[in-house]
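Peer 1: My questions all concern the structure below.
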Amino acid sequence: MPDPTTRTNNRVRRNWAGNLTYTARDVIAPRSVEEVQRAFTTTTGPVTIVGSTHCFNDIANTTGTHILTNRLEPLPDGPLDVRSEPDGTGVVRVPAGATYGAVAATLHTQGWSLSNFASLPHITVGGAIATGTHGSGDTNPGLVSAVEGFTLVTPTGDIVQMRRDGSGDVPAEAGVHLGALGAVVFVDLRVRPAFEVRQDLLVGLPWEAVTSHYDEVTSAAYSVSMFTRWDEHTVDQVWLKSVVTDSATPPGVATVRELGATLATVPLHPLPGVDPVHCTVQLGRPGPPLDRLPHFKMGFTPSHGEELQSEYLVPRRHVRAAITALRQLRDLIQPLLFVSEIRTMAPDHTWLSPSASEPTVGFHFTWRPVERDVLRVLPVLEAALAPYDARPHWGKLHRVSGERISELYPRIGEFRDVARSLDPNRRLVNRYLADVVGL
């Protein structure tokens, strides 16, 4: 019987942004867990797992075989099997290669919702968890915090489990795993009963108000994002995403207006002058979280043509000093920048999460597609943020050394031990995992 696993040549395959051409000599797109096991046991040499390719560095690159997850055990046409919990929440098992948008749309028809989203609903569940991806909100940890467990195929073809309660084979603290443990095939997500969100935008918030009243701004809604080009006087836009409790305007809108911002009366795109047709619904109209918590609609291409991205996550206690440092670099940053975003997140429980251990602020940079120039600027930006223990997003452009990463993640040694036990022959170790993570 022929091997049904799909193989295609991958010499010209590129990442989402188009700034990286993958060097894999082969690609396998398994459709079942058994095919994932065969992908490991019938190949030799390096292997890397690939989701939506929404990584801007080479964390998902390999010189050997790519295993794609986008065809693996697709979502069922009918309802998902949500297990109700005594506290009123639920747990649902989904394929790791499914996108957050697809999962949320199916859950919505059943009266359930995910608690939080990243800016884009187009990314896969498995890939987002692996790289520590997050949304925003003072009380919202990174997306890994919704993971109750996952099923993993190791490079030796074994199937192992991670369980949040510690009953699995893999420690729950290894949930942000960078693709270094194997191929995650199923993820168990905590969900909540369906709720509605409204999105109100304000413009022109003075920087003095941001630094003097940061806690008031970020607590003004369930999820808050500030968009800026680091101009001298004001933050360009503040996006308040509030859980709907009644028909009245959320009190957080009044709070931010009192601090000097003006309520937007037309829809806006984060990038100046760009048509907001691709953005999720604004102007206070209530709707499902999928259509409000991400910044972009599932049915549209979310980018402004080609772009590059970096992000640095700083302990919240350093936020004012970090903002001051970045504003001092605006003349260096602005010529390369489309826009920056400032978001907050609650701590989570994983060893390698950039928002582990304490409340965190993310400083995101969407760059113009001039990678050589961006890479020259990043060391200056990183040096300015270094006194504030800034951790780079694992899937975005950065120049932080492996030595510095080891200092920023005091329990990275425990993660390395887990990775080496599951991948004794180092088949999953690529350049990034070797140089940056120390595997």
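Peer 1: Going by the structure shown, is R368 over 21 Å from P270 (Cβ atoms) and open to solvent by 40 Å² or more (accessible area, probe 1.4 Å)? Working first, answer last.
Peer 2: Values: over 21 Å from P270 (Cβ atoms): no; open to solvent by 40 Å² or more (accessible area, probe 1.4 Å): yes.
Considered against the rule, which asks whether it is over 21 Å from P270 (Cβ atoms) and open to solvent by 40 Å² or more (accessible area, probe 1.4 Å), R368 comes out as no.
Peer 1: Here's a follow-up. Please specify each residue of the range 295-320 satisfying the condition of being in a helix (DSSP H, G or I) and out of contact with any strand residue (DSSP E or B) (no Cβ under 9 Å at 6 or more places or on another chain).
Peer 2: R317, R320
Peer 1: Scan the range 251-291 for residues that are open to solvent by 80 Å² or more (accessible area, probe 1.4 Å), within 26 Å of S113 (Cα to Cα) and without any contact (Cβ under 8 Å) to a residue 40 or more places away in the chain and jot them down.
Peer 2: Of everything in the range 251-291, just one residue is open to solvent by 80 Å² or more (accessible area, probe 1.4 Å), within 26 Å of S113 (Cα to Cα) and without any contact (Cβ under 8 Å) to a residue 40 or more places away in the chain, namely P251.
Peer 1: Quick check: is even one residue across the range 150-161 surrounded by 24 or more Cβ atoms within 10 Å (Cβ to Cβ), part of a strand (DSSP E or B) and not aliphatic (A, V, I, L, M)?
Peer 2: Within the range 150-161, one or more residues are surrounded by 24 or more Cβ atoms within 10 Å (Cβ to Cβ), part of a strand (DSSP E or B) and not aliphatic (A, V, I, L, M).
Peer 1: If I go through the range 379-399 residue by residue, how many of them are touching a Lys or Arg at 6+ places or on another chain (Cβ under 8 Å) and crowded, with 19+ Cβ neighbours inside 10 Å?
Peer 2: 0
Peer 1: Only one of these is polar (S, T, N, Q), in contact (Cβ under 8 Å) with a residue 24 or more places away in the chain, over 27 Å from G299 (Cα atoms) and touching a Ser or Thr at 6+ places or on another chain (Cβ under 8 Å): T42, T99, T48. Name it.
Peer 2: The unique qualifying residue is T48.
Peer 1: Quick check on my filter: what residues within the range 175-210 are open to solvent by less than 30 Å² (accessible area, probe 1.4 Å), over 21 Å from T99 (Cβ atoms), among the aliphatic types (A, V, I, L, M) and in a strand (DSSP E or B)?
Peer 2: Those that are open to solvent by less than 30 Å² (accessible area, probe 1.4 Å), over 21 Å from T99 (Cβ atoms), among the aliphatic types (A, V, I, L, M) and in a strand (DSSP E or B): L201, L202, L205.
Peer 1: Out of curiosity, is V217 more than 22 Å from D291 (Cβ to Cβ), surrounded by 24 or more Cβ atoms within 10 Å (Cβ to Cβ) and of a type outside the set (K, R)? If you could, list the steps in order and put the result at the bottom.
Peer 2: Details: more than 22 Å from D291 (Cβ to Cβ): yes; surrounded by 24 or more Cβ atoms within 10 Å (Cβ to Cβ): yes; of a type outside the set (K, R): yes.
Taking the combined requirement at face value, the residue satisfies it.
Peer 1: What residue, of T324, T350, T344, is touching a residue at least 24 places away in the same chain (Cβ under 8 Å) and assigned to a helix (DSSP H, G or I)?
Peer 2: Result: T324 is the single residue among T324, T350, T344 that is touching a residue at least 24 places away in the same chain (Cβ under 8 Å) and assigned to a helix (DSSP H, G or I).
Peer 1: When A383 is evaluated against the numbered criteria (1) of a type in the set (A, V, I, L, M, F, W, C); (2) assigned to a helix (DSSP H, G or I); (3) touching a residue at least 24 places away in the same chain (Cβ under 8 Å), which criterion, by number, is the only one it fails?
Peer 2: For A383, the failing item is (3).
Peer 1: Specify which of the listed residues (T154, T218, T228) is modelled with pLDDT of 95 or more and touching a Leu at 6+ places or on another chain (Cβ under 6 Å).
Peer 2: Within the list T154, T218, T228, the selection yields T154.
Peer 1: Another question, then. Return yes when W207 is over 16 Å from L283 (Cα atoms) and in contact (Cβ under 8 Å) with a residue 12 or more places away in the chain and no when it is not.
Peer 2: For W207, the condition - over 16 Å from L283 (Cα atoms) and in contact (Cβ under 8 Å) with a residue 12 or more places away in the chain - is met.
Peer 1: Under the condition of being more than 21 Å from D215 (Cβ to Cβ) and touching an Asp or Glu at 6+ places or on another chain (Cβ under 7 Å), which residue from the range 332-355 is least open to solvent (accessible area, probe 1.4 Å)?
Peer 2: Taking the candidates together, the pick is T350.
Peer 1: To continue, here is another question. What are the residues in the range 236-250 that are in contact (Cβ under 8 Å) with a residue 40 or more places away in the chain and either farther than 15 Å from G137 by Cβ or part of a loop (DSSP other than H, G, I, E, B) (or both), if any?
Peer 2: Within the range 236-250, D236, V244, T249, P250 qualify.
Peer 1: Another question about this same structure. Got a sec? Which of R416, R330, R376, R411 is over 22 Å from V224 (Cα atoms), touching a helix residue (DSSP H, G or I) at 6+ places or on another chain (Cβ under 8 Å) and among the basic types (K, R)?
Peer 2: Being over 22 Å from V224 (Cα atoms), touching a helix residue (DSSP H, G or I) at 6+ places or on another chain (Cβ under 8 Å) and among the basic types (K, R) holds for just one of R416, R330, R376, R411, which is R411.
Peer 1: Residues that are open to solvent by 40 Å² or more (accessible area, probe 1.4 Å) and at pLDDT 95 or above: find the strands (runs of 3 or more DSSP E) completely inside the range 38-149 holding 1 or more of those.
Peer 2: By residue number, 82-84, 90-95.
The values are calculated or read from the model by the stated rules, or taken from the named source; none is laboratory data. Note that the coordinates shown come from a computational prediction; the quantities given were computed from them, not determined experimentally. Here the Cβ is made from the backbone with ideal geometry for all residues, glycine too, and neighbour counts use every protein chain on show. All accessible areas refer to the heavy atoms of the entire protein, side chains included, with ligands and DNA or RNA removed. Shrake-Rupley method; radii C 1.70, N 1.55, O 1.52, S 1.80 Å.
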